Every structure is written in C-alpha cells, then in structure tokens.
1. Please give the residues from region A:286-335 for which the solvent-accessible area of heavy atoms, probe 1.4 Å, is smaller by at least 30 Å² with all protein chains in place than with the chain isolated.
2. Taking a 1.4 Å probe, which of A:205, B:695, A:171 shows the most accessible area, and what order do the others take after it?
3. Under unit Cβ charges (Lys, Arg +1; Asp, Glu -1), what dipole magnitude, rounded to 20 debye, does chain B have relative to its Cα centre?
4. Please state the relative contact order of chain A as a whole percent: Cα pairs under 8 Å, 6+ residues apart?
5. Within region A:110-338, what whole-number % of the accessible surface is contributed by carbon and sulfur, with the 1.4 Å probe and all protein chains included in the calculation?
6. Can you give the extra length, in nm with one decimal, that the chain gains between residue B:312 and residue B:724 once fully stretched, where that is 0.36 nm per residue apart less the Cα-Cα distance?
7. Extension gain residue A:50-residue A:36, at 0.36 nm per residue separation less the Cα-Cα distance, in nm?
8. According to the square roots a ≥ b ≥ c of the eigenvalues of the Cα gyration tensor, what is the shape class of region B:64-141, taking rounded for a/c under 1.5, prolate for a/b larger than b/c otherwise, and oblate for the remainder?
Amino acid sequence: MSDSKPIEALNALEAEALAAAESAPDAEALEAVRVTYLGRSEGRISVILRGLGQLPAEDRPAVGQRANQVKAALAAVLEARAGALSGPAVESGLDLTMPGRPRWQGGLHPITQAIDEIWHIFRDLGFARARGPEADTEWYNFEALNTPLDHPAADEQDTLYLVDSVLLRSHTSPVQMRTMEANEPPIRIIAPGWVYRRDTYDATHTPAFMQIEGLVIDEDITFIDFKATLAEFARRYWGPDTQIRFRPSFFPFTEPSAEVDVKRVIRRPDGTQYETDWLEIMGSGMVDPNVIANAGYDPERYTGWAFGMGPGRIAMLKHGVDDLRTFFENDVRFLGQFAQ
Amino acid sequence: MNVSTRWLKDIVPGLQGTPEEISEHLALRGAPVEGITSPGDELGDIIIGRVVKAVQHPNADRLRVCEVDNGTETVQIVCGAPVVKDGAFYPLAPVGAVLPGDFKIKKSKIRGEVSQGMLCSAKELGLGDDQDGILELVGDFTPGASFVDSVGLDDATLDVEVTANRGDLLSHVGVARELASEGEGRVVLPELPGAPEIAPEYATASPEVEHNGVSVRIDAPDLCSRYLGAVIRGVKVGPSPAWLQERLRGAGSRPINNVVDATNYVLLELGQPMHAFDLNRLDRQSVIVRRAAADERTFVTLDDETREVTPDMLLICDGAGPVAIAGVMGGQNSEVDDDTTDVLLECALFEPKSTRATRRSLTMSTDASYRYERGVDPEGMQRAMDRCIRVILATAGGELTGPILDCCPGPFESTVVDLRLARIERVLGIPFESGYVESLIAPLGFAVEGETDGVLHVRVPGFRSYDVTREVDLIEEVARTHGFDKFPETLGPQRPSAVPDHPLFQLEDRLRSALVGHGLFEAQTPAFCPEGEGDVQVANPLTTTEPFMRRAIMPSLIRRVEYNLARGNRDVRLFELGTSFRKAGSGEAPLEESHLAAVMTGRREPPHWSREDQPLEAWDIKALLTDTAQRTYGPSASVEPGEPLSDTLESGSSFLVRSSSGEVVGHAGRVAASACDVPVWAGELWAFELTLPAHPPEPEPVTVTPLPHFPASERDLALLVPDSVTAGSVTEAIQRYAGRDLEHLEIFDLYKGDGVPEGLRSLAFRLRFRSPTRTLKDKQVDKSVAVVLKRLEEDLGVEARG
C-alpha cells in the first residue's frame, strides 16, 4: 500500500483553492487566485504536477490523476466566477454576436468575367475593343474573309440564315473587315460578342455562344509579333510556367494558320505540381493578303495577325464547369458562386 | 481520315516510332490525330483453331460436332455453321474468352454434346456483317497462335483530322509524304502480292475515245476534264485475299469483294476515287459523261436509295441512261456482283465545286465525293489506274484487254509560283536562304526550277494545285516545315491602336458594375425566341420551338426567373445586356439595338432578424430604372408613369423612360400574369428594359458645385392634395414658385385616413432654402412659402393641412 499523504494534501489544497475562487470579490482578486494555484511557474498545483517524477513510481499515477482533477475543477470554477464578475453578456440589450444586417449581393456572369480578364490583358498590350452586327451578310462572314461559299471550309461552321444572303454571324471575324473599313492602321483590337451556329444544345455546344476576335494590322507585323503577343497573353492569363504550342492548321482568312495549345502547370495545396494535357485555346494566324486587300489596304505594305477564342470554353476550364449549358441556365445559386 | 500505321510504315521505309509518336509528328505538321484504335482491340482472347474433323451432331440436324486443335490439345466444339471444313483454320474463342459486346464463352452442353469454346463468324468478331458462316482463314496458320497477330489485326488506326484545304492528305501516300519529308525516308508504293507488272497503252482522244466496241465520251468538259476507262475481262468476283482485307481493315474500311476492295484500296492509298462498272450491264458498252437531262428525275444509287436528280448534276451514263452520279456514288443498275465477269474501271477527274453542290443537294457524302470536293491529284490518275488494275488482276484474275480509254478534253498543266525571299522575311520575321527554302519544300513535291534576284520559281505538284496557288501559300509551307516552334517569341515595340475603345462597351461596363452594386446578377441568354416575341425569323432553325430572334430581352429573362422559381429560388434578381433584332426592309439585314433588361422578384432586402420581410414594389424598379437611365442618357433622362411598350408588362403600374431628347427609350413595371408562369407562392415580378444608344457620348466630365458658405433654412409643408392631383404636379409647382433659393425638395410622408377628408391625401414636403450669397432671413423664406401655398391652392386646389 502506497503512502496516501500526497493525495490528502491535494484534497486539502482543492478545498482551499475552491473557497478562494468562490470568495474572490472582483476580477483582480480572481486572477490572483489563478496565479496562486495554476500559475505556470509558481502555481501550487503546477508545482505538484512538475514534482511527480520525484515520487515513488507506484504513487505517480494516482497522484498525477488527482492533481489533474483538482486543476480542472479549479479552472471550471474560475471560469464561472469570471463570467459572473463581468456582468450580463447582453448588457443594455446589445448582443454583438447576433448576425449583421446584409444587403443583396450581385455578380457578373462568369463568361463576362472571363471576357473582362482577357480584355484587361489585351488592353495592357495596347488593344481596344471593337464591335459589329450579329446579323451580317455572306460577304462579311465568308467571302471578304477569303472563304468562298462553295468551299468545304464554309461547311465547318454550319450557318443560320435569316434571308437570302443575310445570316447570323458564325464567328466574330466579320468585325475584322468592318473595323478595317472604318479605320486606318495601326489596328489592334479585340471584339468580344455572340456568334451563332446551327448546333444542337449539348455539353460542349450551344447554337449561340461568345467568341473573342483579335486583329492586328500595321506595317512590319510579322509571325514573330504574332507568336510573341499570344504567348505573352497566355502566360499572363494562365501563369508564367504555362507552355504554349503553335500548331499548323487551316483557316481561310489566315495564312500561315495556327491552333494555339497551352499546357498549364497546376500547383496542388501540398506544394507538388502537375502538368495538364495540351488544351486547345484558339485558332489564329497571319491575316491572309486577300483579306487585307478586300479591306482596301495594300497587302504588300500591311501585314497582320488575328485570332478567335471561346471565353465560354476558357471559363469551363478555369472553373471546372463540365457542361456549357449551365452558363445559360442562369440559376442564381450558380451565378452566386462567381460573385466577387 | 483513318490511317493504318502498318500501311504508312510500308510506304515510308524506315519510318520509326509508336503510333503516339507518329501522331505527335502529324499534329505539328497540321494534321492532328483525334484518336488511335486497333481493329483487334477487343479480340485479344481469340486464337487460331484447326478443325481436325467435323461430324453431324447426333441429336440436331443443323449442328456439327467438331474436334478442334487449339495448339495444346484437341477439344470438342459444337458449331451451328452450315459448312465446316476438315483441316481448315478458324478463329477460336476458347472457354473464358470475352467477345466484343462483353459476351463470355463458357463450357456448355448443347443437345447432350460438350462444347468447349466457339468457332466465330466475322460478325461475332466485329469484323463484318457476314454471320452465315464461321470465318474461314485462308493461308497457313499455327493452331493456338493469337488470332490478332496471325491475321494482321495488330495494326493501329490513326484518326487523322484533315483540314479543308488539304485534300492531298486524304490518302496514305499523302500522309506518308508529310512524315517522309521530315527524315531520310521517301515514299514508295508497297508490293502488291501476286500482281503482274503491266505496261498498258493509253488511247487518248477527245471528246470521245473508242476501242473494240467500248467507248467513253465527255459532253461536259467543264465538269470532267479527264476520264480513264480500263476494260478487264474474265474476272472472278469473290472475297479478297487476307493481305488486302488486312489493309482495308487497318484503314477502318470493310472488305466487300475483290473488285470493290481493289477500288477502295487505291482510294485509301493514293486518294484517287475509282469505280468499277459491270461492263456487260452498260448499254452499248458505252460511257457518256454529261449533265442530267431535263426528264431524268430520279436515280437509284448503290445503297438502294432513290435520289432526286437535277439538270446541273453531272452523271455517268451508258447508251440508255444514268449509271452513276459522277464523283458521288454508282448506280444499282451497273453494280459489280458475284456474276460479273467483265469490268469497266473508271478513274476520273471531276470538278470540286460541282461535286460539292451535287452531294450537298443530295444531302449525302461519300469517300469519293469527300475527296473530289477537296481536289484529287490530276497528275496521279495513270498511276492510280495502273495500280487498281494490278490489284484486280492479282485478286480477281482476268485480263486487261485493249488500251486504256483516255478521254482528256482538259489536260492538266501545272503552275509555277514565284516566291520572294524578301517577302518570306517580311511575313515571317526572319531571313531564309534559298537553299534552305528548297530543302524544306522539295520533299513535299515542290520543285524549285530556278532563282532570279531573290525570287524562287516553284513548280507546284498536281496534288497541291488546289491549295497552293499564291506566294503566301508557299510561305506557309516554309513556316510549317521550318517548324512554328523554331520562331522566336520576342515581343517587339508596337504602335498604339488607332481604333478607339468602343464607347458602347464602356457604357456596358459602367451599367454592369452599377447593377451588380444594386445586388443583381448578370445573366446571359441566347437571342432565340418563340414566335410572337420577334419578327426576325431564322430560315433554317434546328429547333422549331425558338425559330425567331428576340425583339426584347425581358421575356428571355422572365423564363430564367421562372427556371429559378421552379428550383425553389425565391429571391431572383437578374439583368442582361444583349441585342434586340427588328425586321428591316425585305431582304435586308435586321435592325439591331443593344438593350439592357432586368427582372426581379422576392424580397427587397435579405431577411434579417431586425426587420420584417418586404416584397419588391414599383418604387424599387422605378429607382433602379431611373438610376440606369441617367447613367445611360445623362441626368436629364426622366422616368414617368405611362402605358407599357409591350403586353409583357401590366397596364396601370408601369413607367416609361425618356432620353434627354424626349424619345421613349424604355419601360418598367410589373410583369403581367399572362407573361409569366410562376408558382403560387412566388412574389410579383418587376422588370425594366432600356434601349442603349448605338454610340453613347462620353460621360460629361463632372464640374464641381462649390460647397455652400451660408446656412440653410428648412420648412416642412403638410399638404392636403386631392386624389385627382399627382405628387408630380405638386412638386413641379413648388419648384416653379419657391424661387431660386429652393435648394432641395423631398416628399417625406404620405398619409390617408383619420383626420384627412375623403378624396384627399396628406403629402408632407420638406423644402430646403439656401442662398449662395447670404444668410436667408426667416421672413424671406416664409414669404417664398406663402407664395408657394397660394399658387398651390389657386392652381391645384391643394391646401396646407391644419
């Protein structure tokens, strides 16, 4: 049987400490009680706990357990007394934990946000915004853009017609020609807007969607300017580690033509990172001399480049939206997630 | 275009790399690969089985019991095929094998006889439609060996995406050329097993060529510049040998019979569509290439469809009438079948645009038409003809009789395009030397025939004659073969744009941020609408529910609010900026306007413990519209009560907006019950729509009003206003008569009830007077108020209360 003396001492200490806490007249006195018994260095219970190692091994568990009980009991009384001494929680009826008075939150559509982000980068690169009609003629939508109506390339964008040669533009490229006609170089524009195709609604197609056109026309514009500007855009939009790939392609209104792919580096919260697959983000190329001539410019003097990209697709990639149609449902619970 | 990797490697000896590596190569040459499949993908469990002996099933007339050597032992298999040959090889699905369609083979007992596996038909293996019999394998095989390896199904088929300008890539040789040009390899045509060498004569004439009773005539040289016809007699139509079937399957094509397979082989290898007629079914053994006659209305094509023929379509005819739609599809009446012995083989050059117009009006597309409309190599016809003849002689036998009838009214002449080295640099930004340029484009078939003062004279090969006609087309070839990735990405100095940022975009930016600040969400909805909501009709809509373009955005937004309400979202506040379409003159493009609309329903403010929920009211939409209109049209834009512009809004509770010039540019109010379909618990819908100016003026710069130096005097007026007099007219009168020191005026209370006689209401106004030059004395202010009260009483019958 081990010596029960330390336990008895603890019992006495508990009675003394609790009585002191209960009778403390104010917060100051209460703090003095806390320091006397629980203070980290000199507190009497702290001292006992620290001295456990000097007790016979068989006594240690029982004494340790009892000391901790005393400590907890005293702490509880100290807290209760502290509450009592500080007066009512809602003095003068003002409970500041009640919720604040909110106002309605609004927000921009996620595709508008994508367009704005893209626009702000191009604005910094010296571009302005241009616009054109959504219903346009075959001339502006196809022929002026070096796309004969009887060429298979005209098929790839199955077009919605209104009357005879008037159609809903199948891309924002008609703005190229309209801007060139109304201005003189240097031209550096982007043209966001709706375009229309004869598509049915599915996860990646809608018969109307947003596109952003880009056009640069001036003297001495080369393939290097084209690559450099778009690579600069891609790194500003997707981050400095983004890889950019220009792949030969075909668009009737550009030559050479290129698809632009990006490979992003995504950092995980744990610090590791991984590369995405190549993501196709835009069609682009050097403006075809026929297009420049159709605008009334001398193609020997002026060169340029152009691109077209889909902010809807870019917003899908960015926000993890897997169905394009979600953007047009306009459910406020969806839109609310983009309120910033 | 489905491309067999094995075939490619046979054409480009030395071509290395996995299908994935080849795909990457092609992507960087402008022909990305959409997918890689293998014809043997699902057949890994199938092995070669040899039937040792087949006997009649003792208990079933239609079944046979076969002893089959599976390489390790002889197993018993019950088989339902009508013919099973002793000693022949068949694909064997052993017990445990899984066939396409997730069909698992189990050991079973069929009518009392044990069956340990299955001998398969082509259909069961997904290799064809033939299900009558099991697939007998021709040749020498090893029982137990992998079926896929043994019959060459271990190929990889690349689904190559070919852009519309590159008809030359629609063949294995075309794709091979892109790959060969990168390395030391070169394009060679693979051996044709068993094919004799031939050196046919060509009998060339125009417009008609005839030999030994067989004739070819071209009546429409504008649509068919050359037509080759070869006569092969004594063929035996039957299944193709394994090597030919293997080739076709590797390229995603299904074997049919040796003659048809030979034409498809050439189409896939060289890109030249070929067609075989049964010579003895051609009336007078003659071929006439001409436009359809007026009385030729219909024609039955090979696929058993009756096609509507129009006079602009090019037909292949015999002495009696049409036998094929040129460049699109042959006819049933001249089809090669099992009884065919003599064949007339067609190798022709049809005009792209006409082929395209024809197949479009027939709403069909075939392998042949797809190639013709993108351009077939005018210099490759004889090679294609020779090769097709040899494949037929090797696989169907027979004999080439007489010369090849070569009707050639429009011989092809290749072109030379000049390429300036200086222009290359001007477009691409870096200098190129002529020797290097030649080394880039020569492997693609371009011949540099000379150089004068920095100008290369480049002869364009026939297969590129469609897409390479100008200098810039060659510059693209230079850039592409040099490699886009090798160009630097140095951002140089740029002149700023001479095009100003469009002011309507700037106005839209301002309106968006104002409305978001008011707690609305921006919506985007397509501009299509049902009949009745617009007068601009889509001529070829895909859906019949929304074949019009909207005149107003509000109805689209109401549908989005309905959508939200149907999902239990009670508080919905949406706005949209979009285009309104209105009919212009007939045949003209519609008139477009930019509109801003908003629709709101639910509580005015978010719920909070401190206040009662309040529904949205007319005052909320009025203030929102006023704010928006003034941001758009300036501070003099006004909102006043007025009948709505459309029946979407309810009459009697609506407002009109006038621009500073007095033009009505929008309306607002409560959405009519007939214009929305909402649950009973939903609140009222309030909406506005505003037309935006096409070219908004720059917002006026703010000129600051100096802050006052002198104190103000306020007076509250409680007025008894007859119900026939509006608050607006009282306000107007006060403003008019209070004098120039009236700084501000507001209505702070409206009361009706006890103490106010029937037919009147009490309106409380607060007037603030202030002079910019002195402190106003009470006496002066009182005098102004007295004037106001007098005029109100006399002009409007409004009296001060009590």
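1. A:289, A:300, A:303, A:328, A:329, A:330, A:331, A:332, A:333, A:335
2. Numbers: A:205 80, B:695 130, A:171 10 Å².
Sorted by accessible area, descending: B:695, A:205, A:171.
3. Numbers: 81 positive and 125 negative charges, 449 e Å.
Computed charge dipole of chain B: roughly 2160 debye.
4. Working: 515 pairs, mean separation 50.9, N = 340.
Normalised by residue count, the contact order of chain A is 15 percent.
5. Working: 3520 of 7790 Å².
Summing carbon and sulfur atoms, their accessible area is 45 percent of the total for region A:110-338.
6. Details: separation 412, 0.36 × 412 = 148.32 nm, distance 7.55 nm.
Gain on stretching residue B:312 to residue B:724: 140.8 nm.
7. Details: separation 14, 0.36 × 14 = 5.04 nm, distance 1.53 nm.
Result: 3.5 nm gained on full extension.
8. Values: a/c = 1.37, a/b = 1.09, b/c = 1.26.
Here region B:64-141 falls in the rounded category.
The values are calculated or read from the model by the stated rules, or taken from the named source; none is laboratory data. Just so we're clear, the structure is a prediction, and the values are computed from it rather than from any experiment. We place every Cβ from the backbone using ideal geometry, glycine too, and count neighbours over all the protein chains shown. Keep in mind that these areas ignore ligands, DNA and RNA; they rest on the heavy atoms of the full protein, side chains included. Shrake-Rupley method; radii C 1.70, N 1.55, O 1.52, S 1.80 Å.
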